[in-house]
Amino acid sequence: MDGAVTTPADHAAKGYDLDVALAAGGVVAAAEYLGGIGFSLDTMTGVDWIAQNEMEVVYDYFHPASPLRIVVRTRVPRDNPEVPTVSGVFPGANWHERETHDFFGIRFAGHPNLTPLLLPEDADYHPLRKDFVA
Amino acid sequence: MSASFDIGAPSKSGETFVLNLGPQHPAAHGVLRVKMTMDGEYVMRSEPVIGYIHRMHEKMGENRPLAQFLPNTGRIDYLSALHYNHAFVGAVERAARIEVPPRAEFIRVITSELNRISSHLVWWGAFLLDLGGFTPLLYAFDDREKILDLLEGVTGSRLTYCYFRFGGVRDDLDEGFAGRTRAFIAQMRPRLKMYRQLVTDNVILRKRLEDIGPISPELCRKYGATGPVIRGSGVPYDVRKVEPYSVYSQLDFDVPVYPEGDCMGRYRVRMDEIAQSLRIIEQALDKLPDGPTLGKVPRVLKLPVGDVCYAVEAARGRLMVRIVSDGKEAAYRLKLRTPSFSNMSLFEEASRGMMLADALALMGSLDLVIPDIDR
Amino acid sequence: METPVDTSQIVKFAKLDELLALSRANSLWPLTFGLACCAIEMMAAGGPRFDISRFGAEVFRPSPRQADVMIVAGTINRKMAMAVKTLYDQMLEPKWVIAMGNCAISGGPFVFPGQYAVIEGVDKLFPVDIFIPGCPPRPEALIEGILKLEEKLTGKRRWPVVKPE
Amino acid sequence: MPNLIDDIFAGDLIYLSAFCLAGLALTIGPIAVVLLLSPRKTRNTEHKTGQAIECGMEPIGEAWIRYSASYYLYALVFVAFAVDVLYLIPVALVYNRQFAIRDFVELAMFVGILSLVIVYAWKKGVFEWKRR
């Protein structure tokens, strides 16, 4: 794939086999490619790197027939976190993205219904940010 | 979910109304709310609303040392708590490279499989309660109490276990444990045969479950559903076989798979899994080596910088714990990939156009534990 | 001469309130309100081994209209608080509340500085009659809670209190 | 002589009014008992006692809508059997005085004819809940 830094990892030490870091734009292409060869979206994790003023979104993929585990990660600036949605390729990502939006405030462009999932409907706070005060 | 999935206009004779299968509902197995747009008896569109029991497990993972998060793992999915202990402990051991003595690994497998049986028994009782049969719940809880006595003798609690430690398990098994477990297995097998005759072969159950709520392998892959849901649709995906962890590679057991993909397929997968777990426990008891049950663990545990994942086959499916660490005592970010979250996310698309009673049978066959969804 | 008949065994004179309290105490119908882990212990209490029906409380009514006691078994979080208050109001008088488990008493293990979702205790929403500590409390503790509620109603305890020596 | 008719008439009148009063007492009685014995004070906080029960949530939308016809047909089948039971109650009083076999046959015919309702409803597809 274009513009992606792939570093193989040892499954016994890290739990996944391939670690792909790419720009936010390439996330949908990666999802389509992996979806095409039978991968399934495991989960999406948001990480708030407040020191580097960046937000990271990590996509985990597993394959129902092979032990191969692929991780795709992308970083976006912290003050305007915007990542295109993959819920077109994996409808399961719909809930994952809503939850990541709940906790970190990362907007997912093109998401059909980006309302709070786990927090109350009128919640405007993002609790898992490092600078969150209750 | 975008409304493009509507199945045609409502029938001419009646308007649609919104039914609240709300947080407090016997078939919701907890506080799950599903807003169902109904046309008479048929579900036009169902929209699950979750978050009513969100308990901030991931936030708690970040503000306390790793060892203090162990009690939380028993309270995320309290029916198969030991699997969550196993996932969290496994992730930390994988990151900090802690050696686990073989005896502890076998004890982990034995207690986890006992926990899987007790979780399937609760599912079986509650599922048939949804379908209208009350008596199986009493049989299931009768058997489950026997398992709880076994596990309580070893772990000390009945439900929210906190038995695994980094590098092994808290206590060794007492000498009577193996005998009591074998007696339980000997007593459980004829019970399973009785359940099959009384319930599985019951024609009413067949009519209620066969080709109701079909879930295709493609739908499972799109939503990331795993566990008995994907094995009920013909895909033999079991983390114990595909990504072997602990000592499951030394034990031989087969993974029950049924191709139909309907509620009956998922029902049969779980009933066969109880039999398989009994086999696993027997083999693990035979191969139980002697030796210590707790490896060497540094006094103050700090994980190396970077992230680590560890996947486990919980009773409801693939459970993965991802710990991102920045070298301090507490985890920088702790992500719990819980099986019920993905299993439930396909309910919206799978329950279109079904009758309300069948939609509830489908929800029961997904075996949901709501704090497992909300975390 | 036939033996004198001790009428106190046959006929029992009591004020109407006591009679009502006795009948209510022996048929406390709980509302199925399982939230989290304590719900499984509540189901185990209804199961064959601990058998809450010995105290007339095994009929779990899903509808608030037909329930007498609301056993809050689990964690109340901020999104659920309004639903809990609505359900409590929809129950008919006389009604009681049992807060089962540490989460219902004080938020339990989910109380930490900076927590944003858990209501710390049901008594912040409405008055509670019986508190059952434990995480989760054993089914015997729930049965002791039901007996405590009966004692609160009738003033008499009909089961010997077990004194740990 | 003439007041003899009045006596019979007065007797019937007493009988009739006693019967009506008993009916009245059976309806008003429980309501009065409940009002007398139910506790006065309440610990409600939201004052939503009268609201329709929707599992703890606010009911969404109106309930007064045009339902599909199959609910109505289902109710009709129930009404048919309710009337059937209504007629069986007096039969229970006089059953098996002398002619046991005859009573049984009559009863079986009565119930048999009325259970044709199920056969008819089955054929018309009431139990399939098809979306009309």
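The values are calculated or read from the model by the stated rules, or taken from the named source; none is laboratory data. In this text the structure is predicted, and so the values were computed from the model without any measurement. Heads up, the Cβs are rebuilt from the backbone with ideal geometry, glycines too, and the neighbour counts pull from every protein chain shown.
Worth a mention:
- Close Cβ contacts (under 8 Å, 6 or more residues apart or on different chains) running from residues in region D:56-79 that are modelled with pLDDT under 85 to residues that are aromatic (F, W, Y) and surrounded by 13 or more Cβ atoms within 10 Å (Cβ to Cβ) comprise D:G61/B:F17; D:E62/B:F17; D:A63/B:F17; D:I65/B:F17; D:S70/D:W129.
- Residue within region D:75-89 that is of a type outside the set (A, V, I, L, M, F, W, C), more than 30 Å from B:V18 (Cβ to Cβ) and either more than 14 Å from chain B (Cβ to nearest Cβ) or out of contact with any strand residue (DSSP E or B) (no Cβ under 9 Å at 6 or more places or on another chain) (or both) present: yes
Residue by residue, here is whether (1) surrounded by fewer than 19 Cβ atoms within 10 Å (Cβ to Cβ); (2) at positive phi; (3) among the small types (G, A, S) holds:
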position	(1), (2), (3)
C:A44	no, no, yes
C:R49	yes, no, no
C:R65	yes, no, no
C:D68	no, no, no
C:A83	no, no, yes
C:M91	no, no, no
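- Entry remark, region C:16-38: residues being part of a helix (DSSP H, G or I) and among the polar types (S, T, N, Q) number 1 in total.
Residue by residue, here is whether (1) buried (at least 19 other Cβ atoms within 10 Å of the Cβ); (2) outside any helix (DSSP H, G or I); (3) at pLDDT below 95; (4) out of contact with any strand residue (DSSP E or B) (no Cβ under 8 Å at 6 or more places or on another chain) holds:
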residue	(1), (2), (3), (4)
B:P214	no, yes, yes, yes
B:L219	yes, no, yes, yes
B:K222	yes, no, yes, no
B:T226	yes, yes, yes, no
B:S233	yes, yes, yes, yes
B:P236	no, yes, yes, yes
B:K241	no, no, yes, yes
B:D254	no, yes, yes, yes
B:E260	no, yes, yes, yes
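- Matching residues, region A:80-113, being assigned to a loop (DSSP other than H, G, I, E, B) and either at the interface with chain B (Cβ under 8 Å from one of its Cβ atoms) or at pLDDT 95 or above (or both): A:F90, A:P91, A:G92, A:P112, A:N113
- In a residue-by-residue description of region B:275-295, the property of being among the hydroxyl-bearing types (S, T, Y) and outside any loop (DSSP other than H, G, I, E, B) applies to at least one position.
- The residues of region D:1-51 that are of a type in the set (V, I, T) and in a loop (DSSP other than H, G, I, E, B), listed by number, are D:T42, D:T45, D:T49.
- All conditions but one from (1) in contact with a helix residue (DSSP H, G or I) (Cβ under 6 Å, 6 or more places away or on another chain); (2) over 30 Å from D:R131 (Cα atoms); (3) not small (G, A, S) apply to D:M109; the one that does not is (1).
- Among the candidates B:F141, B:F184, residue that is surrounded by fewer than 22 Cβ atoms within 10 Å (Cβ to Cβ) and either on the phi < 0 side of the Ramachandran plot or not in a loop (DSSP other than H, G, I, E, B) (or both): B:F184
- Residue match in region B:351-365 (condition: of a type outside the set (S, T, N, Q), under 13 Å from B:A225 (Cα atoms) and modelled with pLDDT under 95): no
- Extreme residue, farthest from the other protein chains (Cβ to nearest Cβ), among residues of region D:112-129 that are closer than 20 Å to B:V43 by Cα and either aliphatic (A, V, I, L, M) or exposed (fewer than 12 other Cβ atoms within 10 Å of the Cβ) (or both): D:V126
- So B:G133, is it of a type outside the set (S, T, Y), buried (at least 23 other Cβ atoms within 10 Å of the Cβ) and either in contact (Cβ under 8 Å) with a residue 24 or more places away in the chain or closer than 21 Å to B:D286 by Cα (or both): no
- Residue in region B:297-309 that is closer than 30 Å to B:I215 by Cβ and at pLDDT below 95 present: yes
- Evaluation of C:G74 against (1) at positive phi; (2) modelled with pLDDT under 90; (3) not acidic (D, E) (one fails), failing number: (2)
- If you check C:P113, C:P62, C:P48 for being within 27 Å of B:I147 (Cα to Cα) and free of Cβ contacts under 8 Å to residues at least 40 places away in the same chain, only one passes: C:P48.
- Members of region C:32-45 found to be of a type outside the set (D, E) and at the interface with another protein chain (Cβ under 8 Å from one of its Cβ atoms), listed by number: C:T32, C:F33, C:G34, C:L35, C:A36, C:C37, C:A39, C:I40, C:M43, C:A44
- Residue match in region A:50-70 (condition: surrounded by fewer than 18 Cβ atoms within 10 Å (Cβ to Cβ), within 14 Å of the chain's Cα centre (by Cα) and free of Cβ contacts under 8 Å to residues at least 40 places away in the same chain): yes
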